[in-house]
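Taken together, the values in this text are just the output of simple stated rules run on the coordinates, not laboratory data. Nothing here was measured: the structure is a model prediction, and the numbers come from that model. For neighbour counting, all protein chains shown are included, and Cβ atoms are generated from backbone atoms with ideal geometry for every residue, glycine included.
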Amino acid sequence: MITMDEFIAYCRASFEALEKDFGRDAETEARCWYCEDIAKDPELMKMVAEKLAQLCD
């Protein structure tokens, strides 16, 4: 099971970029994206991380 902390660490760069753009801290942003499905599926977490990275480009 993927914890919130692991999800934040995996997506840290994206959350920090979103923080600069939208003013929400990384943990708050992660809570908006984290869900039970991500907690159970590492492949889904990777896909979400890729999408987040695309948003930040």
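Determine the relative contact order of the chain: mean sequence separation of Cα pairs under 8 Å and six or more apart, normalised by residue count, in whole percent.
43
Here's the picture: a label point sits 7 Å out from the Cα of Glu50 along the beta-carbon direction, and within the range 1-44 the residues with their amide nitrogen under 14 Å of it are 42-44.
Legend: translational diffusion of the chain by Stokes-Einstein, Rh = Kirkwood radius over C-alpha pairs, 10 °C, 1.306 mPa s; D = 144 µm²/s. Each residue of the range 2-11 is assigned a 3J(HN,Hα), and the resulting list reads 8, 8, 4, 4, 5, 5, 4, 4, 5, 10 Hz, derived from the Karplus form 6.51 cos²θ - 1.76 cosθ + 1.60 (θ = phi - 60°), x at Gly and Pro. For the chain, the list of trypsin sites (Lys or Arg not before Pro) that fall in a loop by DSSP and count at most 16 other C-beta atoms within 10 angstrom reads Arg24.
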